[in-house]
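Before anything else, here's the structure in question.
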Amino acid sequence: MDLYTIQSIKSNPLLYSYLRANSSWYKRLNRSSNALKEMEKEAKQYYKLTFSDCFEKFTNSMQMISTFMDVLK
């Protein structure tokens, strides 16, 4: 791995923990440092940090609040 890749992984705790959990990425990153962007995408999907996941979480929260308000009526 080149120094930029190592530094960007260590500066981002999300990527660092994902890399430790999925060690197959060590081999991919050693072969090609361009795989860092792909790893970031997979890490966001793994930790459910994509826009669709956040929107779904927000929608579920709103449904729960709505249900709670209906119970209080």
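With MET62, MET1 as the choices, which residue is over 15 Å from the mean Cα position of the chain (by Cα) and in a loop (DSSP other than H, G, I, E, B)? Explain how you work it out, then say what you get.
On the way: MET62 fails: in a loop (DSSP other than H, G, I, E, B).
Of MET62, MET1, the one residue that is over 15 Å from the mean Cα position of the chain (by Cα) and in a loop (DSSP other than H, G, I, E, B) is MET1.
A quick yes/no check of all residues on (1) within 20 Å of the chain's Cα centre (by Cα); (2) part of a helix (DSSP H, G or I); (3) touching a residue at least 60 places away in the same chain (Cβ under 8 Å):
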| position | (1), (2), (3) |
| --- | --- |
| LEU36 | yes, yes, no |
| LYS41 | yes, yes, no |
| LYS48 | yes, no, no |
| PHE55 | yes, yes, no |
| MET69 | no, yes, no |
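Report the residue count in segment 11-34 for those that are in a loop (DSSP other than H, G, I, E, B) and surrounded by 14 or more Cβ atoms within 10 Å (Cβ to Cβ). Break it down stepwise before answering.
Residues of segment 11-34 in a loop (DSSP other than H, G, I, E, B): 12, 22-23, 32-34.
Remaining after also requiring surrounded by 14 or more Cβ atoms within 10 Å (Cβ to Cβ): 12, 22, 33.
The number of residues fulfilling the criteria is 3.
Another one. Kindly evaluate SER33 against the criterion of being among the polar types (S, T, N, Q) and out of contact with any helix residue (DSSP H, G or I) (no Cβ under 9 Å at 6 or more places or on another chain).
On the way: among the polar types (S, T, N, Q): yes; out of contact with any helix residue (DSSP H, G or I) (no Cβ under 9 Å at 6 or more places or on another chain): no.
No.
Go through segment 1-25 and give me each residue that's in contact with a Ser or Thr (Cβ under 6 Å, 6 or more places away or on another chain) and not polar (S, T, N, Q).
Step one: list which residues in segment 1-25 are in contact with a Ser or Thr (Cβ under 6 Å, 6 or more places away or on another chain), which gives 2, 5.
Residue satisfying the conditions is ASP2 alone.
Any read-out appearing in this document is the output of simple, stated calculations on the displayed coordinates, not a laboratory observation. In this text the structure is predicted, and so the values were computed from the model without any measurement. Methodologically, a virtual Cβ is constructed for each residue, glycine included, from the backbone with ideal geometry; neighbour enumeration extends over all protein chains shown.
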